[in-house]
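One structure is given below, encoded as structure tokens.
The values are calculated or read from the model by the stated rules, or taken from the named source; none is laboratory data. Quick caveat: nothing in here was measured; it's all calculated off a predicted structure. Counting neighbours? That spans all protein chains shown, and the Cβs are built from the backbone with ideal geometry, glycine included.
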Amino acid sequence: MTFIHAARRAAELCGLSAFAWKLRKVDLGITAADLVLDVGSGSAPNPYADVLVECDPNGHQTNSGPARSNGKLLLWADAEQMPFRDGAFDVALCFHLLEHVRNPAACLDELNRVARRGYIETPNEIFDYVIPYRDHRNRVSFDGELLRILRKDRWNVERFPERYGSRRARQVFALLATNPRNLHVCYRWTGRIQYTISDEVIQDAHPAEENAIAEENGAAAAPWLNSLATRIVRRRKLPEERLLSILRCIGCHSSNWSSVDGTLACQRCSRVYRRFDGHFDFRP
Ligand SMILES: [Zn+2]
């Protein structure tokens, strides 16, 4: 881990910011003893994750490609209503999810509830302004202390490409993307996530759907790199019994389960959780 951090710092100092950016996913200060949750893991689960949460098996909502488990424990669940006990995890990772969720406060409160520390990454306000994606429901900014979130009334409301042309948008994007840090919120927290959600809802004019630039998910473009990093990190697979000890019912919050024929039933409210594609389904 120290080696990875040193390699990342060296890459940054040598001006290899794109390579340093790739290493950020494995330079998170996670130890073998930490229990790690990846929320919104999509097609590229973090190599250090022990448990994955994803709500969209096909990746249709975000064009991120089909969800993959990479041999880890995957649960289908909503980030705004997660099926875990309070403080179940040492670390929660949340890459490129917050900008998509319907209720960002609910998502952040759930992260605060289930993990002691973690990392949140999103496109920042500059990214969102220059390269509007159809699937961004929230604009996220970080001023060094607070995550500042503005919601939108439509998925894509910015007019940069409409006003200045998509060619200019691509030029500006290419300039900023020489160092991807220019375009992202990279937020680490310990204790509580400090955030504010503005009363202002962004209501600019809506560009024609065909003018919007579809999201091209970098992680999805290189699944082999993700698989390779997962093999190098060699995280142990969490036994399913351990998983049961950190789960709670999304209806009544009970943690008393009965397990029958591969399904879970809450013993208090009798809610039943079946499997979808082999993984427990906790979606509301
Ligand atoms: Zn229940």
Notebook entry, point to check: Restricting the search to region 166-201, which residues are out of contact with any strand residue (DSSP E or B) (no Cβ under 9 Å at 6 or more places or on another chain) and β-branched (V, I, T)?
Noted result: V172, T178
Notebook entry, point to check: Could you give every pair whose Cβ atoms fall below 7 Å, whose first residue belongs to region 233-257 and is at positive phi, and whose second residue is more than 16 Å from the ligand (Cβ to nearest atom) and in a loop (DSSP other than H, G, I, E, B), counting only separations of at least 6 or pairs across chains?
Noted result: none
Note to self: Within region 50-68, does at least one residue satisfy the condition of being at pLDDT 90 or above and of a type in the set (S, T, Y)?
What the structure shows: no
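With the structure loaded, tell me whether L111 is more than 23 Å from A44 (Cα to Cα) and at pLDDT 95 or above or whether it fails that test. Give the steps one after another, and end with the answer.
Numbers: more than 23 Å from A44 (Cα to Cα): no; at pLDDT 95 or above: yes.
Against the criterion (more than 23 Å from A44 (Cα to Cα) and at pLDDT 95 or above), L111 does not qualify.
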Margin query: Return the residues of region 42-53 that are within 11 Å of the chain's Cα centre (by Cα) and within 11 Å of L73 (Cα to Cα); say none if nothing qualifies.
Written below: P45, L52, V53
Check: A79 versus (1) surrounded by 18 or more Cβ atoms within 10 Å (Cβ to Cβ); (2) of a type in the set (A, V, I, L, M, F, W, C); (3) within 14 Å of R139 (Cβ to Cβ): which is the lone unmet condition?
Finding: (3)
Margin query: Looking at region 59-67, can you tell me whether even one residue there is within 11 Å of the chain's Cα centre (by Cα) and surrounded by 24 or more Cβ atoms within 10 Å (Cβ to Cβ)?
Written below: no
Next item on the list: Give the residue, chosen from R139, R134, that is out of contact with any Pro (no Cβ under 7 Å at 6 or more places or on another chain) and either within 22 Å of S254 (Cα to Cα) or not in a strand (DSSP E or B) (or both).
Entry: R134
Margin query: Given the options I126, I149, name the one that is touching a residue at least 40 places away in the same chain (Cβ under 8 Å), assigned to a helix (DSSP H, G or I) and of a type outside the set (D, E).
Written below: I126
Next item on the list: Just give me the residues in region 165-204 being in contact with a Pro (Cβ under 9 Å, 6 or more places away or on another chain) and either closer than 24 Å to F19 by Cα or among the aliphatic types (A, V, I, L, M) (or both), in sequence order.
Entry: A169, R170, L183, H184, V185, I197
Next item on the list: Give the residues of region 258-284 that are in contact (Cβ under 8 Å) with a residue 40 or more places away in the chain and more than 16 Å from the ligand (Cβ to nearest atom), sorted by residue number.
Entry: F276, D277, H279
